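**Q** Got a structure here, written out as structure tokens. Questions coming.
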Amino acid sequence: MAKEKINFEDEQVRSNYRHTTSHILAQAVKKLWPDAKLAIGPAIENGFYYDFDMEHVLNDQDLLKIQKEMKKVIQANYPLERFELPRAEAIKLMEDAGEPYKVELIQDLPEDATISFYKQGDFTDLCAGPHMERTGQIKAVKLQSVAGAYWRGDSSKKMLQRIYGTCFPSQEELDEYLKKIEEAKKRDHRKIGKEMDLFALYDEGPGFPFFLPKGMVIRNELQSYWKELHRRRGYEEILTPLILNRDLWLTSGHWDHYKDNMYFVKIDDEDYAIKPMNCPGSILVYKRKLWSYRELPVRYAEMGQVHRHELSGALHGLMRVRTFVQDDAHIFMLPEQTRDEVVKIIQLYDDLYKLFNLPYHIELSTMPDDHMGTEEEWSAAENALKEAIESIGVPYVINEGDGAFYGPKLDFHLEDSIGRTWQCGTLQLDMQMPQRFDINYIGPDGEKHRPLMIHRAAFGSVERFIGILIEHFAGKFPLWLAPVQVRLMTVTEKFTDYAQEIAEQFEAAGIRVECDIRNEKIGYKIREARNERVPYMCIIGEKEVEGKILTVRNGKTGDQTEMTPDELQQLMLEEIKSKAL
Ligand SMILES: [Zn+2]
Ligand SMILES: [Zn+2]
């Protein structure tokens, strides 16, 4: 077999590769369990699956057996041969093969559809393609799990067995990927959140997270830094109501276009909605007075609590919730101020993301087919965005035609410590909402003009950002964010007084300190502190009390040193002040 380079960066190639592997999976399963009936087997994000209807209940041991069988198919290096059949013959072929699900799939195809099959060795599958040319091109496969899945995703239909797997052009790439998943599992914010006692989700409020005392510390530190950053950069803070009436949401367009994601209430027999976005409230604040062009831009920042309906199946820890605080801001400006404002926003985001060591790239989404406003307005807006990004030198890609109908937008994609990317920041130019709400400013000519509006959020959702930070840092937060910054642990109860004395000193210096003076073994106390990711763990015994020192263990490095309480205090205060990572 000639050595060839498979371009796995290419989305189509990747999809063909994964999909071909799903055929190999099906061939292997049919070989081992000839009575298995085939349903569907698509490529998905990160891999592929295939659904089977079979008597035998698959277990993990079976997955290894199937994998071995797949290897044989790969080694045989069968070509994938395509052939087409007229409808009746296609149905007959699948009926003869005892594949009722395939028959059903064919019957659902439109009358004039081309019906194609792919054959590899003695195995034939109904499929539209495309695939790789030969089974031997598949190099590294891992079957990951079995799960139940209803035929056609319909719970009134039969439950099938779905095998999930992934594949790569080399064993190294597969290993690297599996290691990354393993690492991601260890960092799962739901698991770490529980261990650190940060937040909770209860059946009483699906998708409505509770923040616990220690989670609130992180949240408040983040928010107060955010507020300071915005104050320094010329934003004024506002807070608008959670509930506003129907008229407002009709004007904004949400009542007609966003209704499925909104929650509603009745007050005095009138319809109200719980806000899914902060924009209309912000516009009312702008509209309270007449502005001169000299006063623009006006920048209103708002930590705004929004509620958006998500299907219960989509909810996921803090990452996907039904209520969250958006670190929102709305900027009202003259059209010619666009470039400068965008530069300032990117600089602000840059400050924020750098603080957490989250490198990022930007995606610019441009004019969609279905858009409001003229092409001139769009190209002026898009050029202002491009110039702004280029002047800062941040890498960016363009998503042609992906903008919202009311204006182009920028998305900021952050890369975490294990190489996953998260879309957090957004910046949206809006040429539409100012018109809907008829907002104005008085220009140099004494006439009314329409301002442009920017919607922007840096974290996106505060809750989700905290979830991302938990996974990014694996719970080992920088000291300024750590809920407990230092814990003093006594070896026996004899040393309680010394511990409490030092705790008082630290507390007076503004350090978040906890004392563990319980009658427990020191090893147990240390394990617990480690599990809670306490950055500085101090051990207090005979030696420490007599020498008026502390034995300090660094939670990040594992180093253990002796120092005086004053020295540790100094060290922590500096680390907090510098917001060191
Ligand atoms: Zn196929
Ligand atoms: Zn907005």
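Readers should treat all values here as calculations from the given coordinates under stated rules, not as data from a laboratory. Fair warning: this is a prediction, and the values are worked out from it, not measured in the lab. Counting neighbours? That spans all protein chains shown, and the Cβs are built from the backbone with ideal geometry, glycine included.
**Q** What's the exposure ranking of 532, 493, 9, going from fewest to most Cβ atoms within 10 Å?
**A** 9, 493, 532
**Q** For segment 470-581, just the Cα atoms, rotate onto the principal axes and tell me the three extents in Å, largest first.
**A** Sorted largest first, the three principal extents are 39, 26, 22 Å.
**Q** Then there's this: If I take the Cα coordinates of segment 423-467 and project them onto the principal axes, what are the three extents in Å, biggest first?
**A** 49, 20, 13
**Q** Let me ask something additional. As an exercise, find the ratio Rg/Rh for segment 191-244 from alpha-carbon atoms, using the Kirkwood inverse-distance average for Rh.
**A** 1.11
**Q** Now for a separate question. Wrap a convex hull around the Cα atoms of segment 106-178, take a quarter of its surface area, and give that in square nanometres.
**A** 7.1
**Q** Roughly what would the spin-label model give for residue 577 and residue 61, points 7 Å off Cα along C-beta, in nm?
**A** Reported label-point gap for residue 577 and residue 61 is 6.5 nm.
**Q** Remind me, what semi-axes does the chain give for its equivalent ellipsoid, largest first in whole Å, using sqrt of 5 times each Cα gyration tensor eigenvalue?
**A** 48, 40, 23
**Q** Which peptide among 564-576, 275-287, 177-189 comes first, and what is the full order, when sorted by highest mean count of other Cβ atoms within 10 Å?
**A** In descending order of packing, they fall as 275-287, 564-576, 177-189.
**Q** Something else now. On full extension of the chain, what length is gained from residue 183 through residue 170, given 0.36 nm per residue of separation minus the C-alpha to C-alpha distance?
**A** Gain in length upon complete extension: 2.7 nm.
**Q** Let a ≥ b ≥ c be the square roots of the eigenvalues of the Cα gyration tensor of segment 1-120; is it rounded (a/c under 1.5), or, if not, prolate (a/b larger than b/c) or oblate?
**A** Oblate.
**Q** Which value in nm describes the separation of the simple spin-label points at residue 269 and residue 144, placed 7 Å from the Cα toward the beta carbon?
**A** Result: 5.6 nm between the two label points.
**Q** Sort 124, 421 by Cβ crowding within 10 Å, fewest neighbours at the top.
**A** Fewest to most other Cβ atoms nearby, the residues stand as 421, 124.
**Q** Quick one: if you take sqrt(5λ) for each eigenvalue of the C-alpha gyration tensor of segment 191-342, what semi-axes come out, biggest first, whole angstrom?
**A** The answer is 30, 23, 13 Å, longest axis first.
**Q** For segment 320-451, build the convex hull from the C-alpha positions and give me its volume per residue in Å³.
**A** Dividing the Cα hull volume of segment 320-451 by its residue count gives 141 Å³.
**Q** Separation between the residue 35 and residue 379 pseudo-spin-labels, each 7 Å from Cα along Cα→Cβ, expressed in nm?
**A** Each label point lies 7 Å from its Cα, and together they span 6.8 nm.
**Q** Using alpha carbons only, how many angstrom separate the centre of segment 82-138 from the centre of segment 384-461?
**A** Between the Cα centres of segment 82-138 and segment 384-461 lies a distance of 47 Å.
**Q** Answer with one residue from 479, 506, 148: the one whose Cα lies farthest towards the positive end of the charge dipole of the chain, charges on Cβ with Lys, Arg +1 and Asp, Glu -1.
**A** The one lying farthest along the dipole's positive direction is 506.
**Q** Here's a follow-up. Considering Cα pairs under 8 angstrom that are at least six residues apart, work out the relative contact order of the chain and quote it in whole percent.
**A** Reported as a whole number, the value is 10 percent.
**Q** Still on this structure, I have one more. Give, in nm to one decimal, the length gained when the segment between residue 7 and residue 71 is fully stretched (0.36 nm per residue of separation minus the Cα-Cα distance).
**A** Between residue 7 and residue 71, full extension yields an extra 20.9 nm.
**Q** Moving on to the next point. Placing unit charges on C-beta atoms (Lys and Arg positive, Asp and Glu negative, everything else neutral), compute the dipole magnitude of the chain about its Cα centre in debye, rounded to 20.
**A** With Lys and Arg at +1 and Asp and Glu at -1, about 1240 debye.
**Q** Do the alpha carbons of any pairs in 548/579; 37/65; 37/92; 227/577 sit beyond 20 Å of each other, and which pairs?
**A** Beyond 20 Å: 548/579.
**Q** Next question. How long is the gain from residue 232 to residue 436 if the chain were fully straight, where each residue apart is worth 0.36 nm and the alpha carbon distance is subtracted?
**A** Using 0.36 nm per residue and subtracting the Cα-Cα distance, I get 70.3 nm.
**Q** Can you give the calculated 222 nm mean residue ellipticity of the chain, where each DSSP H run of n ≥ 4 adds -39,500 (n - 2.57) and the sum is split over every residue, rounded to the nearest 500 deg cm²/dmol?
**A** Calculated mean residue ellipticity at 222 nm is -11500 deg cm²/dmol.
**Q** Report the per residue volume, in Å³, of the convex hull enclosing the C-alpha atoms of segment 126-227.
**A** Taking only Cα atoms, segment 126-227 has a hull volume of 228 Å³ per residue.
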